[in-house]
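What follows draws every value from the coordinates through simple rules; no lab data is involved. Predicted model, so just to flag it, every value in this text is computed and none were measured. Positions of Cβ are generated from backbone atoms using ideal geometry, with glycine treated the same way; all protein chains shown enter the neighbour counts.
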Amino acid sequence: MSLRLDLQRIIREGLINFWRNKLVSFSTVVVMTMSLMMIAALLFLNAVLGFSLRQLQDRVDINIYFFPDVPESEILTLQERIQIIPEVRDVQYVSREQAFIDFVERHKDDDLINRSLEELGDNPLGASLNIRAYESTQYEAVVAAIESEPVVTNSEFVERINYYDNKSLIDRLNQFSDAVRLVAYAVIIVFGIVALLVVLSTMRIAIFASKKEIIIKRLVGAEHRYTRGPFIVMGALYGISAALLTMIVLYPMTHWVGVYTKTFFGGMDIFNYYLINAIPIVVVLLATGMIIGVVSSYIATRKYLKI
Amino acid sequence: MIVFDKISKTYQSKNTSVHDIDLKIKKGEFVALIGPSGAGKTTLLRLLLAEEKPTSGSLHFNGVNIHNLRRADVPKYRQKIGVVFQDYKLLENKTVYENVAFAMEMIGKSDSEIKADVPHALELVGLEEKGFSFPTQLSGGEQQRLAIARAIINQPEVLIADEPTGSLDPHSSQSVLNILKKINELGTTVILATHDREVVDALHRRVVKIDHGRITRDEENASYHEH
C-alpha cells in the first residue's frame with residue numbers, strides 16, 4: 001500500500017475522531033492549555049529575570065578618572081585602544097567640561113557646594129572614561145588589559161580606577177545571576193515534567209475511553225499504524241489547539257499583568273514582550289504541545305496494542 | 001486448511017476451557033460448532049483468531065502454526081479471516097459505511113474500490129439505506145448484519161460466525177443463514193458457532209459438538225441432535 005494513501009487515511013481518521021469525540025477533545029485541550037500556560041508563564045518569568053539582571057549589569061562599569069591636567073589627546077588615544085579590546089562593549093569619554101556640568105547639575109540644590117565652586121573659580125574636575133563590558137564576568141579581563149596600557153600605569157595621569165571599589169558588587173552580581181538562572185532552569189524543567197505527566201494522565205483517560213475501539217481494530221486485522229496512527233494525529237491536534245488557545249489567552253493576560261511588571265521589574269512590559277516575540281513563543285508552544293501530545297498518545301496506546 | 005492439534009486452553013479465573021481438541025477443517029467446508037453456552041465454542045474461535053494462546057497443543061492455518069507468528073505478522077493473518085463476533089464489535093465512532101470501509105482500508109484497497117464495493121455489501125445485508133447511521137442507532141439485527149457485511153467484504157479465506165442468529169427473529173435468521181451459505185458456495189470456509197437447533201437442522205452440514213471443553217461428536221450432513 002502506498003505510504004501516501006496510508007498517511008492520508010490515518011490523518012483523516014485522526015481529524016474525524018478529534019471532531020466526533022468533542023467532549024474528550026475539549027477537556028484534553030483545556031488541560032493541555034493549562035500546562036502550556038504554565039510553560040509560557042515560566043518563559044515570561046525567565047525573560048523578566050533576564051531583563052532585570054541585564055538592567056543591574058548595565059549599571060556596573062569601570063571608570064578611569066584622570067588628573068585635570070592630562071592632555072585630552074592622550075585620553076582619546078587611550079579610548080580608541082580600549083575600544084578594540086574584544087570584551088568591551090563601549091567606552092564613553094566624559095570631558096572635564098561635561099564632568100563639571102554633570103556635577104553642578106547633580107548638586108544644584110546644595111548651596112555649600114555651589115558657593116565653594118564659585119570661590120574656586122576654576123574647574124577642579126578631571127576627565128574620565130566609562131567602560132562597559134558585554135558581560136559582568138568579563139570585567140576582570142578588561143581591567144587586566146587596561147592596566148597594561150602605559151598611559152594607565154603612569155601615576156601622573158590616572159588618579160583612580162574604581163574597578164576595585166565595584167569588584168565585590170560585580171562578583172556578587174555574577175554569583176546571583178548564575179544562581180537565578182540555575183533556579184529558573186530547574187523550575188522550568190520540573191514544571192515541564194509536571195505538565196507532561198498531567199497531559200499524559202489526561203491522554204490515558206481519553207484513550208482508555210477508546211480502548212474498545214483499539215481492541216476491535218486489532219481483532220479485525222488492523223496493523224499498528226492504523227490503530228495507533230489516528231491517536232498520534234489526535235495527540236498532535238490536541239497540542240496544536242492548546243498552543244493556539246494559549247496564545248489567545250496570553251493576549252489579555254499579558255496586557256493585564258504587563259501594567260504591574262512595568263512598574264515592578266524596572267520597566268519591562270511583558271505585553272510588549274509578548275507582541276514582539278509572538279512568533280518564537282507560538283513556535284515554542286506549538287512544538288511543546290505537539291511533542292507532549294504525540295509522546296502521550298504513543299505511550300497511552302501501547303498498553304492496548306498487545307492483543 | 002485449519003488443524004487443531006491436541007489444543008488445550010485452561011483459564012485460572014474462568015470455568016470455560018477446552019481439552020485435547022483435535023479438529024481438521026478442510027478448505028471450502030461449512031462447519032457448525034454446536035454445544036451449550038460455556039461449552040468452549042467461543043474459546044476455540046478466540047484461539048483461531050490468535051486472540052489467545054493455547055496452554056498446550058498447536059493450531060495450524062495453511063500449514064503455519066499461528067501462535068508462533070510474530071506480533072507484527074498477526075494482523076496480516078487476521079486479514080484472511082472474517083469474523084462476526086457474538087457482541088458484534090462494531091466501531092461506534094464510525095458510520096455503517098465507514099465500519100465496512102475500514103476493513104477494506106486495512107488491506108490497502110483504493111478509495112475507488114471501496115466506493116464501489118461497500119454499497120454492494122450493504123445492499124447484500126439490507127443496510128443500503130443506513131450508510132450514514134452510527135451502530136448505536138441500529139437495532140440488534142441490523143448491527144448483526146453490519147458485522148456480517150464487514151466480515152465478508154474482503155472475501156476472506158475463512159468466515160467465523162459466533163452465534164450470528166442469537167438475537168434475531170426467525171426471518172432475519174434465515175436471511176443471515178442464506179448469506180453464509182452464499183459465501184460458502186463462493187469458496188469461503190465457514191465456521192458457525194451456534195446453539196440454534198433450527199439453524200443447524202436447516203443447514204444439514206458437518207456438525208461438531210463440544211461439551212465441557214471436549215469434542216463429543218463430529219458428523220457430516222448432520223442435524224442438531226444425534227439420530
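If I require 20 Å or longer along the helix axis, counting alpha carbons, and a Kyte-Doolittle average no lower than -0.5, what helices from chain A are left? Use full DSSP H segments. For chain A, where a helix must reach 20 Å along its axis and average at least -0.5, the hits are A:3-20, A:22-58, A:163-208, A:224-264, A:278-302. For the range A:68-156, a crude dipole built from +1 on the beta carbon of Lys and Arg and -1 on the beta carbon of Asp and Glu, taken about the Cα centre, is about 240 debye to the nearest 20.
Here chain B carries DSSP beta bridges of which approximately 50% are antiparallel, counting only pairs with both residues inside. At an R0 of 56 angstrom, the distance between the Cβ atoms of A:L45 and B:E92 translates into a FRET efficiency of 0.80.
Summary value for chain A: 29 percent relative contact order, contacts being C-alpha pairs under 8 angstrom separated by 6+ residues.
The alpha carbon gyration tensor of the range A:68-156 gives principal lengths a ≥ b ≥ c with a/c of 1.5 or higher and a/b greater than b/c, which makes the shape prolate.
Of B:A72, B:A202, B:A147, the residue with the greatest mean-square motion in the GNM of chain B, using alpha carbon springs below 10 Å, is B:A72.
Given the pairs A:K303/B:K9; B:K27/B:K80; A:K22/A:K217; B:K6/B:K181, which are separated by over 19 angstrom at their Cα positions? Flagged as over cut-off: A:K303/B:K9; A:K22/A:K217; B:K6/B:K181. Relative to the longest principal axis of the Cα atoms of chain B, the long axis of helix B:96-106 makes an angle of roughly 70 degrees. If R0 equals 60 Å, the separation of the Cβ atoms of B:Y77 and A:R181 corresponds to a calculated FRET efficiency of about 0.60.
For chain B, the longest principal axis of the Cα atoms and the long axis of helix B:111-124 meet at an angle of about 70 degrees. Can you give the relative contact order of the range B:93-155 as a percent, counting alpha carbon pairs under 8 Å and 6+ residues apart? Reported as a whole number, the value is 50 percent. Among A:S297, A:S155, A:S241, the residue with the largest mean-square fluctuation in a Gaussian network model of chain A, with springs joining Cα atoms closer than 10 Å, is A:S155.
Amide hydrogen proximity for A:R160: with H placed 1.01 Å from N in the peptide plane, the residues at 5 or more positions away or on another chain lying under 5 Å are A:Y65. Note that the range B:32-48 has calculated 3J(HN,Hα) couplings of 9, 9, 10, x, x, 4, x, 6, x, 4, 5, 4, 4, 5, 5, 5, 5 Hz, one per residue in order, obtained from phi through the Karplus relation 6.51 cos²θ - 1.76 cosθ + 1.60 (θ = phi - 60°); glycine and proline are x. The angle between the Cα long axis of helix B:140-152 and the longest principal axis of the Cα atoms of chain B comes to about 80 degrees, rounded to the nearest 10.
Backbone amide hydrogens, once placed in the peptide plane, bring B:R205 within less than 5 Å of B:A222, excluding anything fewer than 5 places away on its chain.
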